[in-house]
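> Sharing a structure with you now.
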Amino acid sequence: MKASFLPENSTQGGGSDFNAIQVFKRLLEYLWRHKKLLALAVMFMILTALTEASFAALIEQVVNDGFVNAKEWHLKWLGLVVLGVVVLRAVLGYLANYSMARLGRYVVHEIRGDIFANLITLPTTYFAKNSSSKNVSKLIYDVEATATATTDTLTIMFKDTVVTAALVFWLFYLDWRLTLIFLFSVPMIYGITRYSNSRFRKTSKEIQDSMGGIADTVKEASIGHKVIKVYSGQKQEIENFGRANGFNLEQNLKRARVSSAIVPITLLAVGPAIALILYIYLNYLRIGPEAAGQFTSYLSACIMLMSPLKRLTKVNEKIQIGITAANSVFSVIDAKPERDEGLLPLHTTSGHMVFNNVSFRYEDDEQAILKNISFEIRPGKRVALVGPSGSGKSTITNLMLRFYQPQEGTITLDGHDITELRLKDMRDQIALVSQETTLFDDTIRRNIMYGMLDDENDERLIGAIEGAHVDEFLNELPEGLETLVGESGLRLSGGQRQRIAIARAIYKNAPILILDEATSALDNKSERFVQEALEALMKDRTSLVIAHRLTTIESADEILVLDGGEIVEQGSHSKLMRRNGLYAELHRAQSKKGRKGIFSFGRS
């Protein structure tokens with residue numbers, strides 16, 4: 001089975017590719033939600049920058065009034081003036097940094113919320129193409145990288161741009177000719193920035209991909225820790241992680257090489273300009289005592305320019321990281337949710353479902369999984385699907401639930417094409433119990449009532465607990481219904497998890513039931529409880545049962561035998577055994593292997 005499918009949606013996420021301007025516009029939407037805080041942050045940054053630049057002018061006063069033309073009043077108060085400027089710079093710096101940090105956390109909070117809100121609406125095909133670890137990486141790593149790059153870039157662009165502009169203005173004020181010499185280094189800085197653009201974006205994308213690979217490896221090792229121990233696979237897993245971790249290291253080192261070279265090269269571009277200015281000033285311009293303050297201030301301003309210039313050249317790295325991360329983030333936010341073009345409401349159903357000449361294949365796969373399938377499930381009846389692995393049994397249930405859409409044919413519910421029904425209304429009529437029981441890291445109560453917490457009904461809850469025989473082990477748990485089941489329900493046994501899943505289906509009280517190999521992983525201790533629970537669950541419901549153990553579906557109203565994507569046999573157990581075809585062959589083969597079924601569905 002392929003990892004990519006032909007979806008209900010024609011468009012999948014992951015294809016977004018924004019340039020710097022588009023990314024900035026998208027992020028500005030999040031920043032603008034907090035425009036008052038943004039305005040305060042920008043104001044504090046500008047004031048901080050001005051106080052920082054004022055030190056260059058203050059140095060002229062210190063030299064002239066403190067050393068060259070010493071005045072008693074200045075000698076007494078000059079130190080306090082310098083202290084006042086330092087304190088003001090510190091306070092404004094704190095306010096600017098805190099405002100930007102607060103703004104950044106709001107952006108992270110809101111982008112994560114938008115990602116998750118859209119993520120849970122995406123079609124099954126999206127999750128087939130994107131692993132859960134990669135989605136986690138987007139929510140954690142990419143969102144942080146986007147927000148950090150945004151706030152850091154804003155800080156540098158506002159604060160350091162103002163500092164640079166103020167210092168350059170001061171340099172022009174002191175001597176415009178020398179300042180022009182200093183500015184000759186700007187084209188080289190621009191060239192360095194242009195060169196690093198593509199390198200940063202490429203390595204940033206590869207680093208993000210490598211983080212997803214690391215997350216995938218850790219997740220697999222955590223889930224499969226028992227198999228790893230039993231089969232002594234520690235060495236193999238360490239090697240797998242080493243490859244993923246090594247690739248991440250390689251990409252980070254690539255970026256580090258480019259990043260580390262930018263500032264030194266920038267200094268090499270600016271340094272000669274400062275040296276030339278110093279040479280001209282000392283050798284060709286006469287400097288009397290009255291010009292000492294001016295020269296010291298000019299030289300100080302040149303040196304002070306180095307720090308903001310370094311940060312401004314480094315801002316390109318942050319921008320490229322932010323663009324790459326934002327492309328990943330917005331690809332999820334912009335991904336189209338499940339297609340739901342149905343307009344017909346459906347509040348209740350008899351459960352009459354018909355497949356009419358349905359064919360389905362996976363994307364980029366020439367061979368169809370289902371070929372011209374037609375069958376009917378009458379209200380209140382039990383229909384079983386059997387057949388070899390890969391014959392299309394689970395695909396039929398996925399089509400019933402509208403996880404995928406067939407290329408040919410129609411599926412109707414009570415005479416209506418299911419694509420014409422509102423998606424939520426249709427799914428509200430179906431309960432699912434599958435082989436891979438899904439429990440959430442929450443209490444037993446909330447797992448049973450999952451999706452229906454706003455419609456709490458104690459009587460219905462008690463009925464579901466008793467009907468699924470959850471009460472048989474619930475009384476043994478100190479916290480009872482409030483017991484936390486742990487990640488994927490790992491604090492409970494397999495049989496206990498399955499009974500909670502059955503209780504969830506009973507609580508939903510849907511007229512249509514799908515059992516997808518729901519008994520294949522049960523232990524003997526749970527046999528009687530699960531048998532009775534499933535019998536209670538299927539009573540008076542339209543049921544579709546997928547079974548590997550054929551003895552479990554002998555009493556079904558009708559059995560459909562699939563092979564190669566086609567229904568090759570159809571009828572009751574006794575009829576199919578008399579026919580002596582594929583079903584009888586499979587049944588005899590299981591009997592010879594002694595694969596005794598856990599239960600047979602009896603009639604009450």
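> Restricting to segment 372-396, what's the tally of residues that are within 17 Å of Thr412 (Cα to Cα), part of a strand (DSSP E or B) and of a type in the set (A, V, I, L, M)?
Total meeting the criteria: 3.
> When the residues of segment 538-574 are filtered to those that are crowded, with 20+ Cβ neighbours inside 10 Å and β-branched (Val, Ile, Thr), which remaining residue is farthest from Val433 (Cα to Cα)?
Checking each candidate, the answer is Ile567.
> Please specify each residue of segment 555-579 satisfying the condition of being of a type in the set (A, V, I, L, M) and part of a helix (DSSP H, G or I). Don't jump to the end; show me each part of the working.
Keep residues of segment 555-579 that are of a type in the set (A, V, I, L, M), which gives 556, 559-562, 567-568, 576-577.
Scanning segment 555-579 gives Leu576, Met577.
> Filtering segment 113-127 down to residues that are part of a helix (DSSP H, G or I) and buried (at least 18 other Cβ atoms within 10 Å of the Cβ), which residue is farthest from the chain's Cα centre (by Cα)?
Initially, segment 113-127 is screened for residues part of a helix (DSSP H, G or I), giving 113-119, 124-127.
When the remaining residues are screened for being buried (at least 18 other Cβ atoms within 10 Å of the Cβ), the result is 115, 119, 125-126.
Values: Ile115: 7, Leu119: 7, Thr125: 15, Tyr126: 12 Å.
Here the residue is Thr125.
> Could you please let me know if Glu459 is loosely packed, with under 15 Cβ neighbours inside 10 Å, closer than 26 Å to Ala547 by Cβ and either without any contact (Cβ under 8 Å) to a residue 60 or more places away in the chain or in the same structural domain as Ala547 (by TED's automatic domain parsing) (or both)?
It is false that Glu459 is loosely packed, with under 15 Cβ neighbours inside 10 Å, closer than 26 Å to Ala547 by Cβ and either without any contact (Cβ under 8 Å) to a residue 60 or more places away in the chain or in the same structural domain as Ala547 (by TED's automatic domain parsing) (or both).
> Between residues in segment 320-346 that are over 30 Å from Ala256 (Cβ atoms) and residues that are part of a loop (DSSP other than H, G, I, E, B) and of a type in the set (Val, Ile, Thr), which pairs lie under 6 Å by C-beta distance while being six or more apart or on different chains?
That search, which allows pairs on different chains as well, returns Lys336/Thr11; Pro337/Thr121.
> Still on this structure: Whether any residue in segment 156-173 is under 27 Å from Phe24 (Cα atoms) and at pLDDT below 80 is what I want to check.
No, the conditions are met nowhere in segment 156-173.
> Just name the residue that is surrounded by the most Cβ atoms within 10 Å (Cβ to Cβ) out of those in segment 480-498 that are among the polar types (S, T, N, Q) and without any contact (Cβ under 8 Å) to a residue 60 or more places away in the chain.
Gln496
> In addition: If you take just the helices (runs of 4 or more DSSP H) that sit entirely in segment 458-523, which of them hold at least 1 residues that are of a type in the set (Lys, Arg)?
Fully inside segment 458-523 and qualifying: 458-467, 494-508.
> Say whether the condition of being without any contact (Cβ under 8 Å) to a residue 60 or more places away in the chain, within 24 Å of Ser572 (Cβ to Cβ) and β-branched (Val, Ile, Thr) is met by at least one residue in segment 356-368.
Within segment 356-368, one or more residues are without any contact (Cβ under 8 Å) to a residue 60 or more places away in the chain, within 24 Å of Ser572 (Cβ to Cβ) and β-branched (Val, Ile, Thr).
> Give Tyr195, Tyr141, Tyr190 a once-over and let me know the one that is assigned to a helix (DSSP H, G or I), modelled with pLDDT under 85 and closer than 30 Å to Ile238 by Cβ.
One residue alone meets the criteria, Tyr141.
> Only one of these conditions is not met by Tyr279: (1) at pLDDT 70 or above; (2) surrounded by 12 or more Cβ atoms within 10 Å (Cβ to Cβ). Which number is it?
Tyr279 satisfies all of (1) at pLDDT 70 or above; (2) surrounded by 12 or more Cβ atoms within 10 Å (Cβ to Cβ) except (2).
> Related question: Residues of segment 431-456 being assigned to a helix (DSSP H, G or I), touching a residue at least 12 places away in the same chain (Cβ under 8 Å) and under 27 Å from the mean Cα position of the chain (by Cα), which ones? Steps first, answer last, please.
First pass over segment 431-456, keeping only residues assigned to a helix (DSSP H, G or I): 444-448, 453-455.
Those left that are additionally touching a residue at least 12 places away in the same chain (Cβ under 8 Å): 444-445, 447-448.
Answer for segment 431-456, where residues must be assigned to a helix (DSSP H, G or I), touching a residue at least 12 places away in the same chain (Cβ under 8 Å) and under 27 Å from the mean Cα position of the chain (by Cα): Ile444, Asn447, Ile448.
> Could you please give the count of residues in segment 18-57 that are loosely packed, with under 15 Cβ neighbours inside 10 Å and not in a helix (DSSP H, G or I)?
2
> Looking at segment 257-276, which of its residues are touching a residue at least 60 places away in the same chain (Cβ under 8 Å) and under 24 Å from Leu178 (Cβ atoms)?
Ile265, Thr266, Ala269, Val270, Pro272, Ala273, Ile274, Leu276 - these are the residues of segment 257-276 that are touching a residue at least 60 places away in the same chain (Cβ under 8 Å) and under 24 Å from Leu178 (Cβ atoms).
The values are calculated or read from the model by the stated rules, or taken from the named source; none is laboratory data. Keep in mind that what you see is a predicted model, and the values were worked out from it rather than measured. Backbone-built Cβ (ideal geometry, glycine too); neighbour counts: all protein chains shown.
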